[in-house]
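Report on the structure given below.
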Amino acid sequence: MSEKSETIETTGTDRSQLRIVLPGLLMAMLLAMLDNVIVGTAMPRIVGDLGGVDHLSWVVTAYVLGTTVSTPLWGKLGDLYGRKTVFMTSIVLFLAGSALCGFAQNMPELIGFRAFQGLGAGGLMVGAMSVLGDLVPPRERGKYQGQFAAVMAIAMVGGPLVGGFITDHANWRWAFFVNLPLGGLALIVLALRLHLPKRRTEHRIDWLGAALLSVGVTALVLITTWGGTQYPWSSAEIRGLAIVAVLTLVAFVFVERRHPEPIVPLSIFTNRNFTLVALVGFLVGFAMFGAITFLPLYQQIVQGASATNSGLLLLPMMAGLLLTSLVVGRAITKTGRYRIFPVIGGVVMVGGMLLLAQLDAHTSKLASGAYMAVLGLGMGFLMQTTMLIAQNSVELKDLGVASSTATFARSIGGAFGVSAFGAIFNNRLHDLLGERLGTAAAGQLTSGSGGGARIDPATLAQLPAPVRTAVVDAIAGATSSVFLWSVAAAALVPVLAFFIREVALRGGPTEAKSNPTETKSAPTEAKSEPTEAKSAPA
């Protein structure tokens with residue numbers, strides 16, 4: 001019996017398996033979201049122990065590279081060889097990388113192990129969403145949106161708290177070892193209770209396409225990471241990476257059009273809904289993740305929050321996201337209609353960005369929390385709904401590719417957003433400081449890797465009162481500018497979402513009535529997997 005045929009049989013019938021497996025899926029997603037936040041909080045201790053402060057950014061870059069490059073590959077491998085095996089393999093790789101990072105003796109070792117850990121992390125989110133897509137038809141999947149949104153809230157708020165506790169009361173190595181019990185428990189649950197047999201069809205792996213995609217994505221990530229920070233945008237290094245990215249991605253498209261088993265089937269982009277939600281995901285990542293990256297700095301410098309408590313100040317945004325996800329998920333399950341929600345989400349997200357663009361040095365924590373709550377409400381309409389539309393837009397055999405491509409689009413959008421808004425933030429910060437303190441003083445304060453590298457709470461406390469006031473005002477003004485610019489990208493989200501078509505969700509009563517033969521013949525289809533894969537309903 002094929003993996004897909006079992007999906008048809010268990011969907012709607014074996015709810016006991018889903019109830020037991022779901023915690024394992026949620027734990028895997030929690031690992032993927034939590035790791036970077038915890039490690040980021042522990043980085044000062046790591047650098048103090050291992051040294052190599054000049055290579056500090058590579059600890060993050062190596063992980064991001066591994067995750068981004070591997071995300072599309074995990075989705076395709078799951079479609080080819082069965083999602084259970086591939087998903088569990090990604091968890092094992094992630095845990096092995098976590099253990100190696102915990103035992104690292106120097107900075108080069110840690111960077112290499114972080115890249116290895118990132119390769120496994122790329123399959124965690126994609127695997128969890130793809131397995132859920134196998135177990136639950138799109139019509140009923142909305143009910144679980146709130147639980148996945150809750151995992152995001154726990155990671156965003158709990159990450160700094162866990163990282164801060166480890167930094168203050170334990171060795172930094174536990175920032176990595178903490179993954180082992182959670183991941184081990186997830187592995188046990190999935191191994192014992194998840195039943196999705198492997199496929200038995202012959203396959204030809206698109207190694208050339210995988211290599212080209214990896215090189216192209218690596219070049220893009222390095223451009224967004226280094227551009228305007230480590231190297232000027234007009235430097236030979238950035239231009240060389242841009243040429244490599246363009247050439248390899250053009251070659252990738254050429255190869256994919258001719259390979260019988262492409263890593264990313266380009267045919268999925270002929271589906272209007274899938275292409276639209278991929279673009280929406282890119283813009284959401286660009287506008288949202290790019291902009292909120294600078295909120296913790298505003299909270300710590302302007303509002304005086306500690307590094308740990310800045311995570312708690314994001315709670316209103318996470319609460320808004322969780323609330324909307326719960327309501328929208330149940331509404332989709334009840335009505336089967338979803339087109340209106342990305343449109344509303346885009347409009348509300350624009351409103352939240354406009355409110356956050358009003359931040360200044362005198363904005364209270366209550367007011368900024370209310371602004372973030374509005375942004376969170378908009379995110380709740382979009383985050384899981386776009387994934388649902390992407391999965392419903394492709395054949396079941398391409399479910400993993402659809403999940404990984406949608407995740408990949410959002411990740412790349414976030415990477416570009418962080419880079420673009422980082423440049424905007426740094427330039428605006430330098431200009432505002434120059435107006436108040438003079439160009440020379442502004443250059444001293446904002447010089448260093450990433451711009452603003454010398455502005456932190458400890459440094460701020462040592463500055464004379466007039467300079468400290470100027471810095472606080474400049475940070476607030478630069479943060480406001482970032483959100484104002486993000487409105488331009490966010491405004492395209494409801495426009496694109498408006499053109500999404502309302503296609504019936506698989507697994508709903510309408511489909512069951514209109515396709516009685518297909519429903520009854522599921523066991524028969526299971527005997528002929530090659531034919532089934534070709535004729536799977538869109």
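The values are calculated or read from the model by the stated rules, or taken from the named source; none is laboratory data. Note that the structure is a prediction, hence the values are computed from the model and not measured. Virtual Cβ from ideal backbone geometry, glycine too; neighbours counted across all protein chains shown. Each accessible area value is taken on the protein alone, full model and side chains, heavy atoms only, with ligands, DNA and RNA left out. Shrake-Rupley method; radii C 1.70, N 1.55, O 1.52, S 1.80 Å.
Could you quote the convex hull projected area for region 270-387, Cα atoms only and averaged over all directions, in nm²?
The directionally averaged projection comes out at 7.4 nm².
Which of the peptides 279-289, 176-186 is most tightly packed, and how do the rest follow, going by the mean number of other Cβ atoms within 10 Å of each residue?
My ranking of the peptides, most packed first, is 279-289, 176-186.
Taking 7 Å along the Cα-to-C-beta vector as the label spot, tell me the Leu315-Gln105 distance in nanometres, rounded to one decimal.
Inter-label distance under the simple model: 4.4 nm.
Largest first and to the nearest Å, give the Cα extent of region 248-300 along each principal axis.
53, 26, 15
Within 10 Å, count the other beta carbons around each residue, average over each peptide in 381-394, 425-438, and list them highest first.
In decreasing order of mean packing, 381-394, 425-438 become 381-394, 425-438.
At what distance in nm do the modelled label points of Arg258 and Asn171 sit from each other, each positioned 7 Å from its Cα along Cα→Cβ?
With each label placed 7 Å out from Cα toward Cβ, I get 5.4 nm.
Tally Lys and Arg at +1 and Asp and Glu at -1 over the other residues with C-beta under 11 Å from the C-beta of Ile263: what net charge comes out?
That sum, taken over residues with Cβ under 11 Å, equals -3.
Would you mind classifying region 27-99 by shape? Square roots of the alpha carbon gyration tensor eigenvalues, ordered a ≥ b ≥ c; an a/c under 1.5 is rounded, otherwise it is prolate if a/b is larger than b/c and oblate if not.
The shape class here is prolate.
Using a 1.4 angstrom probe on the protein heavy atoms only, could you order His169, His259 from most to least accessible area?
His169, His259
Given points 7 Å out from each Cα along the Cα-Cβ axis, report the Trp207 to Thr469 separation in nanometres with one decimal.
6.8
Based on the mean of other Cβ atoms within 10 Å per residue, sort peptides 314-322, 361-369 so the most packed one is first.
Ranking, from highest mean packing down: 314-322, 361-369.
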